[in-house]
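Everything on this sheet refers to the single structure shown next.
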Amino acid sequence: LDMHDVQDSRVWFPAYCSADLMDNDCIESLLKFRPPWKEELERWKKQQSEVSPPCKPPLEPNQSILPFSAEEKEQLKDLPNKDYLLDKAMKRALYLGLVDIIFAYAYNYRTNMGESNVESAWTVCKMSSTLSWLEVFRGSVHEVAYCSLRRTLCYPLYRHWQLALTTLQDTRDIFHLGRRKLLQCLLSLHRLLGSTEPYYILNNLYITDYCIWIQKASSKQIQDLASELDEVKIAVSAIGWDLV
């Protein structure tokens, strides 16, 4: 990530972040926005609490909480049936790359309040080191979160520390909802990139395979990753820039 740090520092513009700190009304509306995964997670936790011992609650919600839309079902029909031969290190890199991509997706969703615009594909790809740098993360979830938070303060339209932390919480929520929710986010991203030149090529490089792979990924590993995200605590001072 040394090259990332250097490049991020080059484009870091403190006056831009200072302006966003002053524009409280706009940022506050973005922070107050409730994406659908907030309610879905509340319903899922309620459903888990209603399971009586000795029965164990399932690791992730089913279609009663996360139904697929007709459009998503059509997308799933078009996906090929593939298997992937992956060793432990490759799987870890895939999971970490997924954290990076979902963070970028969640930022775009929140800052556009659930809508997409002509800049959405650019925003997601610029926010994601995987999609913009072809980065392969091999370290920790903390490393991915650190990189994502820094990029939130460098590249997109809204550069605000609390917004970055809120997006990190969105990412946690999505992972706690498991494979089905992750697949819905990936399918949404697939539609977005597929309709935007030149970003559609990233579907061929990443998103299509992620859509196929996530369906057979380990539910336990997804929840373990969500727990790792819960443990991530990054102070503003760790970013290395003066945000005050």
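See the values below:
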{"item": "Cα-projected label distance for residue 165 with residue 86, points at 7 Å along beta-carbon direction, nm", "result": "3.2 nm"}
{"item": "Extreme residue, positive dipole direction of the range 120-242, given options 152, 176, 232 (C-beta unit charges)", "result": "176"}
{"item": "Gain in span if fully extended, residue 201 to residue 157, counting 0.36 nm per residue against the direct Cα distance", "result": "13.5 nm"}
{"item": "Spatial separation of Cα centroids for the range 31-92 and the range 171-225, in angstrom", "result": "11 Å"}
{"item": "Cα shape, the range 90-130, gyration tensor, a/c 1.5 rule", "result": "prolate"}
{"item": "Tilt relative to the chain, helix 88-111 - C-alpha long axis, 0 to 90 degrees, to 10", "result": "60 degrees"}
{"item": "Stretchable slack from residue 140 to residue 49, in nm (0.36 nm times residue separation minus alpha-carbon distance)", "result": "29.7 nm"}
{"item": "Tilt relative to the chain, helix 161-176 - C-alpha long axis, 0 to 90 degrees, to 10", "result": "10 degrees"}
{"item": "Among 191, 110, 159, residue whose mean-square fluctuation peaks in a GNM of the chain (springs only between Cα atoms under 10 Å)", "result": "191"}
{"item": "Acute angle (nearest 10 degrees) that the helix 141-152 long axis makes with the longest principal axis of the chain, alpha-carbon atoms", "result": "50 degrees"}
{"item": "Shape of the range 103-244, Cα gyration tensor, a/c cut at 1.5", "result": "oblate"}
{"item": "Accessible area in square angstrom per residue, the chain, 1.4 angstrom probe", "result": "51 Å²"}
{"item": "Max mean-square fluctuation residue, GNM over the chain, Cα-Cα springs under 10 Å, options 117, 24, 81", "result": "81"}
{"item": "The chain - mean residue ellipticity at 222 nm from DSSP helices (-39,500 (n - 2.57) per run, n ≥ 4, rounded to 500)", "result": "-19500 deg cm²/dmol"}
{"item": "Cβ-based charge dipole, the chain, positive-most Cα from 27, 196, 85", "result": "85"}
{"item": "Zone residues, the range 100-129, relative to residue 38, backbone N less than 13 Å from point 7 Å out along Cα-to-Cβ", "result": "110-111, 113-114"}
{"item": "Global form of the range 79-166, assessed from the alpha-carbon gyration tensor, a/c cut-off 1.5", "result": "oblate"}
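The values are calculated or read from the model by the stated rules, or taken from the named source; none is laboratory data. Since we're looking at a predicted model, the values are computed, not measured. Neighbour counts run over all protein chains shown; Cβ positions are idealised from the backbone, glycine included. With ligands, DNA and RNA removed, areas are computed over all heavy atoms of the protein, side chains included. Shrake-Rupley method; radii C 1.70, N 1.55, O 1.52, S 1.80 Å.
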